[in-house]
Ligand SMILES: Cc1cc2nc3c(=O)[nH]c(=O)nc-3n(C[C@H](O)[C@H](O)[C@H](O)COP(=O)(O)OP(=O)(O)OC[C@H]3O[C@@H](n4cnc5c(N)ncnc54)[C@H](O)[C@@H]3O)c2cc1C
């Protein structure tokens, strides 16, 4: 599966707000921990290895092959 | 001259069992031999038995005139036990060893494991998932077996000090207390460990990575009611921020590995008065134990680029080195000799071209790479090298308590299992549709009950055509094993998808070479030739 990079969620603003709220009042260290948990949960949900690999490359700022 | 004489080795290496230093061979100062093995470690000894059982005269050279003591390998995999069984010491090892199948992973001070695994998911096989046994006990058993074979000439206190690579042989210079001599070896197998003299003398590479961490290996004797399981802790209160591994050995000996970190005083940390507080913090202030052996290790992952250099063949730690998480060192070495023995046998008999040994290089390098990959990944999980890496590790452990998905990320060592060669050069690709069932070419045979015994007891000498019903032909050099009329074959049929008329061709190392729903003489003949190194095209 190719990673979806076009808009794929209905309420982007709402999700973004909840993402920021998740970090409200947390130390930088704790935020990092929470982000990491989030990444792992999402990776497992995506499941598809190719999609995850693409996301990893994009996140690292690499150009698509 | 060698680094030290046998006498001086005693000052550096502790002795488990004395062997008599061997005299000069009758043919000294110049001798000819077909096979010379360097090294009396487990890998060299196992290689000698394999080739001896196949009928070859073997000279084994060892620089020590003793079996060393110390804390080295304890965990031996099912695949190694299958190999050892073929060499005549599997049952002894299992009887003497501590059998275990289950590993548990703990985090911090929690009493419940965050994760656990079973090393023998497929039951009803002769050998267990793992045994633990002190390396020197295993070496003793291999030596007992060698004593039963008339054609193995093992020379204690004979140190290889020079190697010259010829076109059709290798010249070996040997130093011993009784004098120096020279052997022209048709084949030289270097099982001389990670500091391989042979490798150095030939100026060969050994590239890899050092892990900046130290581990205290404490073998202690104590009576205990703990189960024989592998227990691993991340960040326990008794070794904060580090890992600990606890494992049972025979004779009430327990191995405890404490991760210590990089900047430590290596001399000081093995002193009993410094180990004692660690042990008491872990097992309770009143624990009653006796120290057996304490040592500190730093781990590396390395391998030679090639294991075959003309007439010189490398096997075991001389060829590859892994970190011990996963017990892939000696187990990986046994895989080498298992792969090499039958190939060299065919070459020596003139039944295969020396090119067949190129497939040893290909398959053993594949195995080494898989072992290095796994042990590197484990080491990176166990000892995170950056803050982010540590945060990921802890997030995995945290999530693992609650969510099953996260448990598959928990890596306290992926324990050694047989490596497969699905793209191996000796395989004949399937022409039938097996619907994902059975054991495919390039995979190790899966054991199953057969009559009163086990399938793997019946294969492992030469090529075997395992079939369900007489195929109506024979192929020279292939033994037929028709199970149709044997008892207790249901699991075997299921595991191999062996419907009536079907057949699986097994190599002498118990790997599947080819299989057919209905084999023909021509197909089996061709697959056999391919397995012996005739190029398939
Ligand atoms: C702490 C620790 C724990 C381990 N745990 C495990 C485990 O649980 N499971 C596992 O599978 N592996 C484990 N290993 C790895 C395992 O011990 C090695 O992989 C194994 O010993 C390799 O065997 P070898 O025969 O290749 O080499 P070695 O055991 O090193 O033997 C080399 C031999 O060559 C001889 N030699 C060297 N140079 C010369 C020369 N010039 N002339 C003549 N003889 C020579 C030496 O005397 C020695 O006999 C562990 C290692 C360590 C350090």
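We did not get these values from a lab; they are worked out from the coordinates using the rules stated. Given the structure is predicted, the values throughout are model-derived calculations rather than measurements. Note that each Cβ is placed from the backbone with ideal geometry, even for glycine, and that neighbours are counted across all protein chains shown.
Things to note:
- Averaged over B:390-398, number of beta-carbon atoms from partner chains that fall within 10 Å: 4
- Here is the tail figure for the stretch A:12-59: Cα pairs spaced more than 13 Å apart come to 65 percent of all pairs.
- Prolate/oblate/rounded label for the stretch B:7-65 (Cα gyration tensor, a/c 1.5): oblate
- All Cα-Cα distances of the stretch B:449-531, cut into 5 Å bins from zero to the largest, leave 3, 16, 30, 27, 17, 6, 1 percent in each bin in turn.
- Förster radius 22 Å - calculated FRET efficiency between residue B:408 and residue A:34 (Cβ-Cβ, nearest 0.05): 0.55
- Relative contact order of chain B, defined on C-alpha pairs under 8 angstrom at six or more residues apart (%): 14 percent
- Short-range pairs are left out: with C-alpha atoms under 8 Å and at least six residues apart, the relative contact order of the stretch B:449-531 is 32 percent.
- Prolate/oblate/rounded call for the protein assembly as shown, Cα gyration tensor, a/c under 1.5 rounded: oblate
- Each of B:412, B:531 was scored by other Cβ atoms within 10 Å of its Cβ. Arranged with the fewest first, they read B:412, B:531.
- Computed from label points 7 Å out along Cα-Cβ, the spacing between residue B:286 and residue B:480 is 7.0 nm.
- Within chain B, antiparallel bridges make up roughly 70 percent of the DSSP beta bridges whose residues both belong there.
- Zone residues, the stretch B:125-160, relative to residue B:16, backbone N less than 20 Å from point 7 Å out along Cα-to-Cβ: B:130-149, B:154-158
- The stretch B:449-531: antiparallel DSSP beta bridges as a percent of all, rounded to 5: 65 percent
- Percent of beta bridges antiparallel (DSSP, the protein assembly as shown, rounded to nearest 5): 70 percent
- With a Förster radius of 56 Å applied to the beta-carbon distance between residue B:30 and residue B:525, the computed FRET efficiency rounds to 0.80.
- Three-way shape call for the stretch B:116-242 based on the alpha-carbon gyration tensor, with the a/c threshold at 1.5: prolate
- This ranking places B:417, B:428 by how few other beta-carbon atoms lie within 10 Å of each, fewest first, which gives B:417, B:428.
- Packing-based ranking of B:89-100, B:61-72 yields B:61-72, B:89-100, ordered from highest to lowest mean Cβ neighbour count within 10 Å.
- The tail of the calculated P(r) for the stretch B:40-110 beyond 21 Å holds 44 percent of all Cα-Cα pairs.
- For chain B, the fraction of alpha-carbon pairs in successive 10 Å shells from zero, as %: 4, 17, 27, 26, 18, 8, 1, 0
- FRET efficiency, 1/(1 + (r/R0)^6) with R0 30 Å, evaluated for residue B:228 and residue B:401 via beta carbons: 0.75
- Neighbour-count order for B:104, B:385, fewest beta carbons within 10 angstrom listed first: B:385, B:104
- Distance in nm between pseudo-label sites at residue B:148 and residue B:177 (7 Å out along the Cβ direction from Cα): 3.0 nm
- Counted residue by residue at 0.36 nm each, then reduced by the alpha carbon distance between them, the extension gain from residue B:490 to residue B:123 reaches 130.7 nm.
- The alpha carbons of the stretch B:337-391 occupy a box of 58, 15, 8 Å along the principal axes, longest dimension given first.
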